Amino acid sequence: MNQQDPYLLTPGPLTTSATVKQAMLHDWGSWDDDFNAMTAEVCRRLLDVAGGADSHVCVPVQGSGTFAVEATLGTLIAPQSRTLVLMNGAYGQRIGKILDTLGRAYVAIDKGDYRPPRGHEVAQALAANPDIGQVVVVHCETSSGILNPIGEIAEVCRQAGVRLIIDSMSAFGALPVNVAELPCAALVSSANKCFEGVPGFGFAIVERELLAASAGQCHSLSLDLHDQWQYMTKSGQWRYTPPTHVVAAFLQAMKEHAAEGGVDGRLARYTRNRDRLVAGLRALGFRTLLVDEWLSPIITTFLSPHSPAFDFGRFYNAIKAQGFLIYPGKLTVADSFRVGCIGQLHDEQIDAVISAVAAACQELGLSLPVAAPAETPDNLETA
Ligand SMILES: *Cc1c(COP(=O)(O)O)cnc(C)c1O
């Protein structure tokens with residue numbers, strides 16, 4: 001690894017391996033068979049990880065993850081269809097904003113900043129709105145780090161005969177999903193999260209029949225997943241210039257994912273990172289926003305200590321000076337900061353970040369253990 005670069009505890013972009021970076025030291029022709037074979041292998045591997053090889057197809061799309069979410073919603077949701085959006089943070093809110101922009105009608109269950117949407121609530125909303133065609137949910141809501149209960153939500157959707165679309169951006173690759181068994185009509189993710197590639201494209205794993213029935217529905221030319229799929233099926237190529245180096249890096253990242261033991265191996269390392277991080281920061285007096293039951297192995301929100309000496313900007317810079325970048329919080333209810341567990345991070349880096357936080361506290365003049373936050377959100381005991 002290049003130790004000159006700070007470690008990114010920000011999911012993502014995140015810290016990638018040296019070999020993933022090295023995979024980008026070549027140039028590829030976007031029409032050439034060598035590049036097309038890489039795209040095909042990436043899609044085949046992604047379908048396998050998702051358990052969708054017999055029922056689904058994988059369609060990559062240029063851009064960041066949000067482009068892939070917008071492409072999926074715009075392509076699959078018929079203009080006159082209504083959607084139920086489950087919100088508990090910034091990414092669920094963004095799904096609503098996309099549907100607003102597309103002019104697609106929706107109802108929302110908004111649980112605020114960090115409460116999980118539960119199956120029985122979804123069942124009630126579907127019973128009250130029998131015209132709903134699909135439910136959209138975020139798997140790991142990265143703005144708080146909460147892991148939403150997609151299993152119980154999928155079961156309710158299955159019973160009601162409603163399609164489920166999952167933004168699994170920050171979870172796919174580390175949390176087990178099987179799109180055929182859930183079932184899930186479409187799952188969206190991107191290159192720079194749990195597979196540990198570099199940013200540049202996202203992808204959707206979509207039920208083949210649903211995608212085939214979605215021709216001409218998309219509001220956008222460049223985000224039309226059906227068109228991208230058709231073109232790729234015929235020619236093996238992306239429509240419009242592909243992010244060639246990003247695809248090469250992603251294929252290398254997928255090989256490293258498989259070598260680590262696939263989803264199970266990655267989940268084990270991220271869980272270990274999370275447990276080590278949470279134990280270490282709790283020992284320094286910090287509190288997590290969520291009770292353990294809802295903590296994801298992706299990113300954890302910590303409440304800012306109750307002290308006039310705590311200033312996030314200074315805290316961030318003191319940690320950065322020791323080689324780590326953390327994330328500001330994204331809550332409306334409490335001051336907080338977030339630390340990611342994903343990317344090329346192992347015990348050594350987690351221990352070093354805990355030491356960096358302790359040193360930063362001392363630099364800011366906070367005594368250890370730090371004081372508990374003034375107000376704790378009311379879900380701390382009950383989620
Ligand atoms: C990262 C992420 C996205 C996509 O964000 P981009 O900045 O567009 O890559 C969407 N949803 C979730 C849950 C995410 O974590």
Item to complete: Of the conditions (1) in a helix (DSSP H, G or I); (2) open to solvent by 20 Å² or more (accessible area, probe 1.4 Å), Arg266 clears all except one; give me its number.
Response: (2)
Item to complete: Considering only residues that are open to solvent by less than 30 Å² (accessible area, probe 1.4 Å) and under 21 Å from Ser189 (Cβ atoms), look in segment 94-111 and name the one that is nearest to the ligand (Cβ to nearest atom).
Response: Ile95
Discussion item. Of the conditions (1) closer than 30 Å to Ser307 by Cβ; (2) open to solvent by less than 20 Å² (accessible area, probe 1.4 Å), Leu225 satisfies every one except a single condition; which number is it?
Written reply: (1)
Worksheet item: Quick check: is even one residue across segment 35-47 within 16 Å of Lys234 (Cα to Cα), among the hydrophobic types (A, V, I, L, M, F, W, C), away from the ligand (no atom under 15 Å from the Cβ) and open to solvent by less than 10 Å² (accessible area, probe 1.4 Å)?
Response: yes
Practice prompt. Report yes if some residue within segment 150-162 is farther than 26 Å from Glu256 by Cα, free of Cβ contacts under 8 Å to residues at least 24 places away in the same chain and of a type in the set (D, E, K, R); otherwise report no.
Written response: no
Practice prompt. Go through (1) in a helix (DSSP H, G or I); (2) away from the ligand (no atom under 16 Å from the Cβ) and name the single condition Trp28 misses.
Written response: (1)
Worksheet item: Residues of segment 64-82 being surrounded by fewer than 24 Cβ atoms within 10 Å (Cβ to Cβ), within 16 Å of the ligand (Cβ to nearest atom) and over 15 Å from the mean Cα position of the chain (by Cα), which ones?
Response: Gly74
Discussion item. Looking at Tyr91, Tyr114, can you tell me which residue is within 16 Å of the ligand (Cβ to nearest atom), assigned by TED's automatic domain parsing to the domain that holds Pro242 and at pLDDT below 95?
Written reply: Tyr114
Fill in: From the options Val85, Val59, residue that is away from the ligand (no atom under 11 Å from the Cβ) and either farther than 20 Å from Ala125 by Cβ or small (Gly, Ala, Ser) (or both)
Val59
Discussion item. Considering only segment 211-222, I want to know if a residue exists there that is within 16 Å of the ligand (Cβ to nearest atom) and under 23 Å from the mean Cα position of the chain (by Cα).
Written reply: yes
Practice prompt. Give the residue that is nearest to the ligand (Cβ to nearest atom), with candidates limited to residues of segment 199-210 that are buried (at least 24 other Cβ atoms within 10 Å of the Cβ) and under 20 Å from His257 (Cβ atoms).
Written response: Gly202
Worksheet item: Quick check: anything in segment 241-250 part of a loop (DSSP other than H, G, I, E, B), in the same structural domain as Thr39 (by TED's automatic domain parsing) and not β-branched (Val, Ile, Thr)?
Response: yes
Worksheet item: Restricting the search to segment 175-196, which residues are within 12 Å of the ligand (Cβ to nearest atom), open to solvent by less than 10 Å² (accessible area, probe 1.4 Å) and not in a strand (DSSP E or B)?
Response: Ala191, Cys194
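The values are calculated or read from the model by the stated rules, or taken from the named source; none is laboratory data. These figures come from a predicted structure and were not determined experimentally. Neighbour counts run over all protein chains shown; Cβ positions are idealised from the backbone, glycine included. Only protein heavy atoms, including side chains, enter the accessible area calculation; ligands, DNA and RNA are left aside. Shrake-Rupley method; radii C 1.70, N 1.55, O 1.52, S 1.80 Å.
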